[in-house]
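A.B. asks: Have a look at the structure that comes next, please.
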Amino acid sequence: MGSKIAKEVPKAADREVGELHLDEVILIEDRDKKYIRSGGCSSGCGACCESIILHLADGSYSEDYIYWLGLHGVTIYKEVEDGHTFYNAHIPIRCNELQEDKTCGVHGTDRKPDMCKKYPLHPMDISMVDNVCTYEFRKIEQGEDILAVLEEINERVSK
């Protein structure tokens, strides 16, 4: 899969749109797609820390291979978008720093991995926990005004 690069919304756009501050949202670019990520972690959730989600390279996997992975507790999710096939491996391995109350034991310290600080970077990152995750991704269509999208997100959040 193409690399995912997280970028903050440019500082030139650092102004309020209703209650939403543009420096609180993240613009994600992946291949030729752009997304705006909004939301945040909910106290006591920890859903993304209950397992590892790996993005697998494009390609086809045999039913036998997927079955074999399933026997080892790994679930493969297949998604097709714009003619491209993507696979995610969902491996139920809990993070050692996830506390009993579902908080992060290294949150706010320099021991917290950058990957965790930036997570999630793509809609597929939360596809297996989207029933509990409070992050949202909004795909930006070609030629669409990013400020208009931010106002749309703000309206929905303000309700």
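A.B. asks: Would you kindly state how much longer the chain becomes between Thr75 and Leu147 on full extension, computed as 0.36 nm times their sequence separation minus their alpha carbon distance, in nm to one decimal?
C.D. replies: My answer for the length gained is 22.1 nm.
A.B. asks: Mind grabbing the base-10 log of I(q)/I(0) for the range 22-159 at q = 0.10 Å⁻¹? Debye formula, identical points on the C-alpha positions, no solvent, two decimal places.
C.D. replies: -0.41
A.B. asks: Across all directions of projection, what mean area in square nanometres is found for the Cα convex hull of the range 51-93?
C.D. replies: 2.9
No lab work stands behind these numbers, since they all come straight from the coordinates. These figures come from a predicted structure and were not determined experimentally.
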